[in-house]
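These notes concern the structure reproduced below.
The values are calculated or read from the model by the stated rules, or taken from the named source; none is laboratory data. The shown structure was predicted, so the numbers you read here are calculated from the model rather than taken from an experiment. Neighbour counts are summed over all protein chains in view; Cβ atoms, including those assigned to glycine, are modelled from backbone coordinates with ideal geometry. Please note that ligands, DNA and RNA were not included when accessible areas were found on the heavy atoms of the full protein model with its side chains. Shrake-Rupley method; radii C 1.70, N 1.55, O 1.52, S 1.80 Å.
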Amino acid sequence: MICYNNTNNTITIHTKNSTYQMKIDSKGVLLHTYYGPRVRSGDFSNWILQEDRGFSPQPSEAGLDRTYSLDTQPQEYSSSGVGDFRIPSIEATSLDGSYTVDLRYVSHSIEDGKYTLDGLPSFYDNGGEWETLRVLLKDTCTNLTVELLYGVFAECDLITRAVKVSNSGTNPVSLERVMSTCVDFPSGTFHTITLGGAYGREREPVRMPLTQGIHTAQSIRGSSSHQQNPFTILCSPDTTEDSGDCWGFALVYSGNFLAQTEYTQFHETRFVMGIHPFHFSWKLKAGETFCAPEAAMVFSNSGLSTLSQRFHKAIRLNLCRGQWKDARRPILINNWEATYFAFDADKIVSIAEKASKVGVEMMVMDDGWFGERNDDFRGLGDWDVNEKKLPGGLSALAERIEALGMKFGLWVEPEMVNEDSKLYRLHPDWAFKIPGREGTRSRHQLVLDLSRKEVRDYILTNLRNTLSSAHISYVKWDMNRSLTDVFSLSLPSDQQGEVYHRYVLGVYEILEALHQEFPHILIEGCSGGGGRFDCGMLHYTPQIWCSDNTDAIERLRIQYGTSFCYPCSTMGAHVSAVPNGMTRRCVPLHTRGVVAEAGTFGYELDLNELSEEELAEVPQQIAHFKKNWELVTKGTYYRLGNPFEEAPFYGWMHVSEDQTRALASVVTGVGHANPIRGILRMKGLDPNRDYKVNGTVYGGDVLLHVGISLPILDEYRAVQFEIEAV
Ligand code: GLA
């Protein structure tokens, strides 16, 4: 619910459990007055102190009043260069070289439904659930008008924000920074939780107390990155999984991002998030509009589990799209870790044959099927089938796979080119390179300049041809390096700052065309594992390969960290061979299955190499997944413990919305002599009901508070509890 009160000039947004307020003050400045637990309406600006603060200057409207400064007022969208010394939301260079933007309220409107953003991913209305608030601000000097957009999804406590900046003057302006959200908190001490990590160790939660200064999470790699995720939580120091205030912010964007939290001189806190200003500028000519990507915000005053659950539901139902967003995904087998580049059609069919017999439903052929791609030195960019490996092309292979009763899927990496390729020899200028510089290779590949239309056309034409050439049910869209040498030959010098963003828009444009033209194809995102796991990609690819690290024990951490924002339905997770290719660890097949079952579930090995005993276990895993997928995908998710801490086990739970069914899974940690016993206390169950747990009846309250004692097990063993209300 969005309400405007014309007596006190406040605009208040109520979701089911949260309230957010802004106020137009007497100078026309849009103040931010509240974001927190749901409260009744009112004017919440009473906490704002009007005080003469040294070195906090006054705008002209304040006249001789030294108690009013933009530096001490909480801002809804902070200006730059006119007295607010905290993090600015917007900066622009005018024709005269000045940087300042200083915004004042013009008007606002409230409407049913959710706004949309051209060319950018965003949350959407599933049918009358959302409201939109638009607030127009203007800087009379630069003639920039800024439209702040708010989407309100009350049921999920989700508020989205986006920003459109228009040049209503006659001279061009260069935008240097346009943040998507800015929220000021008046008091209190905070912790930040960000998702850090590395290749193979994606989304490790990092919790830090805020001290005076600025805490940053960012990517300047051209993609959202393995190292930092475009997601930040602010919480009270005592917030836990089950209690306390927390605010989550996710950027619906897949490129360079900046998320900063500033703890100020007066112990106030400002959070901003948006496109990273690094090498960013956008030339806005008269009459043009620039749109900054969407940021999604969720508040919970009942701890981190609730915060995650609210994101999960909204992402699954109101961000992911297409027929696969909520459907059971085919159980796939991927040949990458089984063969790497060394395969031909017969090898793929032999893997599929074995897999089809145990109930696997789709064969995915990974990297190496096209051009001269027999290693990672060559071939990217040439999307013609390697007939030596695959005689008769994709259609012949797809037919052989389909004859086994399986679907067929394919790996692609459309954004890249190897210098050793026909494409590069023909169009060397299509790869990013700075004139006069040698260029930077990564995995022996260069990045195609997707800001150029002819490059996007080439990619889309090739993808169209490939996807129409055979029965293809699935595509794994990979992106295996960070962007460097970002320079486009198609743009003049004063627009080179646009290239990073235009690249991301190019990716979205191609993915949108595929989404429209091939709605039956399930697209899985990937970037060397989980290097582009973000809300932007999830609008086009309802699942993303979580990590190239398929070691089940490491995956516990990766999937745990990922779950702070992203639902299980989005996490690509497979059972792979042991010893694991990255860690050399041997984890029992059962455990590998239990961990993969908490994601999209599939296999990434050659089943021909399993023992008879192991092979017999595969149909059981598949049957278990099929029985429980709905619970895993649509149920409420609880983290039971923290896999980064030494403990007898780490667990997680999925509980049906009506609390009648649940699945609890635990995996034991590193083995110790004379070990400590683990007790599993469950979550999310109804304390007033009785539940049958693997055959024995317990009270819900007993399961929640007393718990179940786990047997002493070897390290890395999994136990699952199927729970049903009686
Ligand atoms: C990336 C992916 C892997 C695999 C390889 C193929 O690393 O994450 O799963 O597809 O590329 O080159």
Check: For the chain, which whole percent of the accessible surface, found with a 1.4 angstrom probe, sits on carbon and sulfur atoms?
Finding: 50
Check: With the other protein chains left in place, how much accessible area per residue, in square angstrom, belongs to the chain at a 1.4 angstrom probe?
Finding: 36
Note to self: I'd like the per residue volume of the convex hull spanned by the Cα atoms of the stretch 185-321, given in cubic angstrom.
What the structure shows: 143
Next item on the list: Evaluate the distance, in nm, between pseudo-label points positioned 7 Å from the Cα of Asn6 and of Ala342 along their respective Cα→Cβ axes.
Entry: 7.8
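Could you calculate, for the chain, the ratio of the Cα radius of gyration to the Kirkwood radius, expressed as Rg to Rh?
Computed over Cα atoms, the ratio is 0.98.
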Margin query: Between helix 552-562 and the chain, what is the angle of the helix's C-alpha long axis to the longest principal axis, kept within 0 to 90° and rounded to the nearest 10?
Written below: 20
Check: Expressed in nm to one decimal, what extension gain is obtained for the pair Ala286 and Glu630 from 0.36 nm per residue of sequence separation less their Cα-Cα distance?
Finding: 118.7 nm
Next item on the list: Can you tell me the dipole magnitude for the stretch 395-484 around its Cα centre, using point charges on the Cβ only (Lys, Arg +1; Asp, Glu -1), in Debye to the nearest 20?
Entry: 100
Check: How big is Rg to Rh over the stretch 332-634, alpha-carbon atoms, Rh as the Kirkwood inverse-mean-distance radius?
Finding: 0.97
Notebook entry, point to check: Given Cα pairs under 8 Å that are at least 6 residues apart, what percent is the relative contact order of the stretch 504-560?
Noted result: 29
Next item on the list: Treat each spin label as a single point 7 Å out from the Cα along the C-beta direction, and report the Lys16 to Phe266 distance in nm.
Entry: 3.6
Notebook entry, point to check: So which cysteines in the chain don't have a second cysteine's C-beta under 4.7 Å from them?
Noted result: Cys3, Cys141, Cys156, Cys182, Cys291, Cys320, Cys526, Cys535, Cys546, Cys565, Cys568, Cys586
Note to self: Among Asn8, Val594, Leu446, which residue has its Cα furthest toward the positive end of the charge dipole of the chain, with +1 on Lys/Arg Cβ and -1 on Asp/Glu Cβ?
What the structure shows: Asn8
Margin query: Suppose R0 equals 45 Å. What FRET efficiency, 1/(1 + (r/R0)^6) with r the Cβ-Cβ distance, do Leu615 and Asn674 give to the nearest 0.05?
Written below: 0.80
Next item on the list: Convert 4 °C to kelvin, take the viscosity as 1.567 mPa s, use the Kirkwood radius over C-alpha pairs of the stretch 2-318 as Rh, and evaluate the Stokes-Einstein diffusion coefficient in µm²/s, rounded to a whole number.
Entry: 65
Note to self: How big is the dipole moment of the chain about its Cα centre under a simple scheme where the beta carbon of each Lys and Arg is +1, that of each Asp and Glu is -1, and everything else is neutral? Debye, nearest 20, please.
What the structure shows: 320
Notebook entry, point to check: Normalized C-alpha radius of gyration of the stretch 477-601, against 2.2 N^0.38 Å?
Noted result: 1.26
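How much length is gained on full extension from Phe377 to Arg681, taking 0.36 nm per residue of separation minus their Cα-Cα distance?
On the way: separation 304, 0.36 × 304 = 109.44 nm, distance 5.11 nm.
Computed gain between Phe377 and Arg681 is 104.3 nm.
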Next item on the list: Work out, in µm²/s and without decimals, the Stokes-Einstein translational diffusion coefficient of the stretch 1-94 at 37 °C, 0.692 mPa s, Rh from Kirkwood over C-alpha pairs.
Entry: 229
Check: Toward the positive end of the charge dipole of the chain, about the Cα centre and with charges on Cβ (Lys, Arg +1; Asp, Glu -1), which of Leu117, Ala718, Leu394 goes farthest?
Finding: Ala718
Next item on the list: With r as the distance between the Cβ atoms of Asp118 and Asp52 and R0 = 45 Å, compute the FRET efficiency 1/(1 + (r/R0)^6) and round to 0.05.
Entry: 0.45
Note to self: Charges on Cβ only, +1 for Lys and Arg, -1 for Asp and Glu, centred on the Cα centroid of the chain; of Cys235, Gln212, Leu175, which one is farthest towards the dipole's positive end?
What the structure shows: Cys235
Check: Over the stretch 332-634, what relative contact order in percent results from Cα pairs under 8 Å that are six or more residues apart?
Finding: 17
Checklist line | Mean separation of Cα contacts under 8 Å (6+ apart) over length of the chain, as relative contact order % | finding: 10
Check: For Leu136 and Ser98, FRET efficiency with R0 = 25 Å and r from the beta-carbon atoms, rounded to 0.05?
Finding: 0.65
Item checked: Potential extension, Leu64-Asn608 segment - 0.36 nm per residue separation minus Cα distance -> 187.5 nm
